[in-house]
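Okay, structure first, notes after.
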Amino acid sequence: MDAFNDDARAPVVNLVRRRMVAFALASAATSARANVTYPQVQPGTPLLFPADDGAHPAFRTEWWYVTGWLRDAQAHELGFQVTFFRIRPGIAETSTSRFAPKQLLFAHAALANPEWVRLRYDQRAAREGFGLAAASTGATDVLIGDWSLVQQADRFAANVRARAFGMDLTLDARAPPLLQGERGVSRKGPDPADASYYYSRPQLAVEGSVTFDEKTRDVSGVAWLDHEWSSRLIPQGGVGWDWIGINFDDGSALMAFRIRDANGGALWAGGAYRDRQDVSRALVPGDVDFIAQRRWRSPRTAIEYPVSFRVRAGDIDVTLEPLLDDQELDARAGVGTVYWEGATRASSRGRVAGRGYLELTGYGEPLRI
């Protein structure tokens, strides 16, 4: 299955087909899920590399999230996103059929260009197997068709062939993984069981090419990779989250998030900061504050997003402004939600200090994946 935004002019039949398959899977989940026990995150469990770079198929949800900024030879700036999701739906787990959807894979890819009116994006979905989709253990190696994210030591290769664009990028890690939370266990709510295993690889050096509008451009830049897995997506009372990953120009990096409640307040918050000497510290709920500065309403979904923020994280105080306002991604045909994922600049004292991505979920309706 695949899906394209309006720029790619998706055939209506593909959308109908995707919704029929999604309905069939949902029906199967209701009837065939039988006492599935998902493992829970255990504080004190050490993350081991490269083994934990790979998939953790016993857990319910997992993702590899790559976002970054690129420049071409003319210094034009672009934002990009490549994300792979793995979901264990708990369907037909005792079946011996190769067609049983025991693991589902989804992928999103997007390009943001300030010369465009809106984000260009694409998405894929498939069940694992038959050489068409896989999430391997032992190291990062995920693919759906001709989309892939593959690791060799500290280098990652992202390859995407979308309808409206293509990407061939290598991403080189220049520092060890940044463990989130308490040594890689990231709390997501008041209940300690609301947690994920989570690490980041900020300040990835990017080289490669992107293709759009029938032209291939050599590019370079800086990216961020998040890898997270859990069996509990969001705490009770949470409706969505705001998340930032910022690569600062001085070599430091900041991740900060808040889980919002139904009133828009912070149910939980956290993050991590790594300075330019590679010294990191965890951020606890009282350290993090997201203050909306400006809002944008989608002309397609009528959802209103706070696309500009002032973010306070410990002693860091930055203002975020998007590369372009319309960076909404409609993934209802895949993971079942609409969200805003945007390239954003971080400014401090009136000067641009870094670049990264802002993710906003649960603004149209409570997040359910």
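Laboratory data are not the source of any read-out in this text; all were calculated from the coordinates shown. This one's a predicted model, so the numbers in the text were calculated from it and none came from an experiment. Backbone-built Cβ (ideal geometry, glycine too); neighbour counts: all protein chains shown.
Here are a few things to note about the model shown:
- Among 118-126, 205-213, sorting by the average number of other beta carbon atoms lying within 10 angstrom of each residue, highest first, gives 118-126, 205-213.
- Comparing Cα centroids, the range 132-179 and the range 296-369 end up 24 angstrom apart.
- Shape of the range 262-369, Cα gyration tensor, a/c cut at 1.5: prolate
- Within the chain: Cβ-based charge dipole about Cα centre, in debye rounded to nearest 20 (Lys, Arg +1; Asp, Glu -1): 840 debye
- Principal axes of the range 160-199: Cα extent on each, largest first, Å: 43, 27, 9
- Nonlocal amide H pairs with Thr337, under 5 Å, H built at 1.01 Å: Ala331, Arg332
- Full-extension gain in nm, Leu233 to Phe49, via 0.36 nm per residue minus C-alpha separation: 63.9 nm
- Measuring r between the beta carbons of Val117 and Ala175 and using R0 = 30 Å, the FRET efficiency lands at 0.25.
- Kirkwood estimate for the chain, i.e. one over the average of 1/r between Cα atoms, Å: 20.7 Å
- Packing here is the average count of other Cβ atoms within 10 Å per residue, and on that basis the peptides 318-329, 38-49, 299-310, highest first, run 318-329, 299-310, 38-49.
- Pairwise label distance in nanometres, Tyr38 with Arg276, each label 7 Å out on the Cα-Cβ vector: 4.1 nm
- Spin-label proximity, Arg161 to the range 207-246 - amide N less than 20 Å from point 7 Å beyond Cα toward beta carbon: 208-218
- Estimated vicinal HN-Hα couplings, Hz - the range 108-125 in sequence order (Karplus 6.51, -1.76, 1.60; Gly, Pro = x): 10, 9, 8, 10, 10, 10, x, 7, 9, 6, 8, 4, 9, 8, 8, 8, 9, 8
- Here the Karplus curve 6.51 cos²θ - 1.76 cosθ + 1.60, taken at θ = phi - 60°, turns the phi angles of the range 72-78 into couplings of 9, 5, 9, 6, 6, 9, 9 Hz, with x standing for Gly and Pro.
- Zone of Arg349's modelled label, taken as backbone nitrogen in the range 273-310 under 18 Å from a point 7 Å along Cα→Cβ: 276
- Value at 222 nm in deg cm²/dmol, rounded to 500, when DSSP H runs of n ≥ 4 in the chain each add -39,500 (n - 2.57): -2000 deg cm²/dmol
- The phi-based Karplus calculation (6.51 cos²θ - 1.76 cosθ + 1.60; θ = phi - 60°) puts the 3J(HN,Hα) values of the range 90-103 at x, 10, 6, 6, 8, 6, 9, 6, 5, 8, 5, x, 6, 9 Hz, whole numbers, x for Gly and Pro.
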